[in-house]
Amino acid sequence: MTDTTALKPLLSAPSPLRLSPLDHLLAAVDTALRTSLGTHSASRLCPQPDVVDTTPLSPTEQREAAALMRVNHVGEVCAQALYASQALGTRDPLLRAQFAEAAREETDHLAWTEQRLRELGGRTSLLNPLWYAGAFGIGLIAAKAGDAISLGFVVETERQVEAHLNSHLDRLAPHDHASRAIVAQMRDDEVAHANAALQAGGAPLPAPVKGLMTLAAKVMTTVAHRI
């Protein structure tokens, strides 16, 4: 018979992959601080324009592009908060992994918009911690409503973001190819996230909830455009 005495400490030790609720909470706080106050590195190269155009942006076009990129950066701060809170709220490890993967792709968007803001002489929103906190609370409410509703919330959020990014492509200067390449790739990624959430079982949200989400997004984009 094999002597398992030496193995008892290993057999009784907790798995390093089994995180406690406190561990998840501390990780969420760490993510909040890094997202709202830190700088970010992308795992993918920043999208580059297909067209080489040396036409300079006018001061007005540059200011508008910087404002739109700041709005997009805030949107990505909120996306990180939503995915972090929804990952915290679900008990499904596969769904938690899906949220984490989407958040990693959204980190690329944070890095790209930060880089473009620097190139345009702009800055990120001064209210990023507030945006993160608000989005985190909303995401946690959605998660507590059940996985189907939580996924449905992702679908609707990403659909609204897609429309919002399309409107930015209309507002950016036609020759601002650098900004347009970033926004176009962000939009394509958001569409993929929405489709993944739908395929995972996202439930349609009631019309009043969609309306409130639209109103909240309008407030955020209007304020972030300036602050």
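Each other residue within a Cβ distance under 12 Å of residue 99 adds +1 if Lys or Arg and -1 if Asp or Glu, for a net charge of -3. Distance from the C-alpha centroid of region 136-185 to that of region 51-77: 18 Å, rounded to the whole angstrom.
Could you give the semi-axes, largest first, of the ellipsoid that matches region 34-75, computed as the square roots of 5 times the alpha carbon gyration tensor eigenvalues and rounded to whole Å?
Working: eigenvalues 113, 60, 11 Å².
After scaling each eigenvalue by five and taking roots: 24, 17, 8 Å.
Distance between the 7 Å Cα→Cβ label points at residue 212 and residue 39: 3.9 nm. Once region 139-227 is represented by equal point scatterers at the alpha-carbon sites, with solvent omitted, what log10 I(q)/I(0) does the Debye formula produce at q = 0.15 Å⁻¹? The Debye formula, applied to the Cα set alone, gives -0.64.
Note on residue 173 and residue 91: with the Förster distance fixed at 45 Å, the Cβ-Cβ geometry gives a FRET efficiency of about 0.45.
Here, each number is a calculation from the coordinates, and none is a lab measurement. Predicted model, so just to flag it, every value in this text is computed and none were measured. Neighbour counts are summed over all protein chains in view; Cβ atoms, including those assigned to glycine, are modelled from backbone coordinates with ideal geometry.
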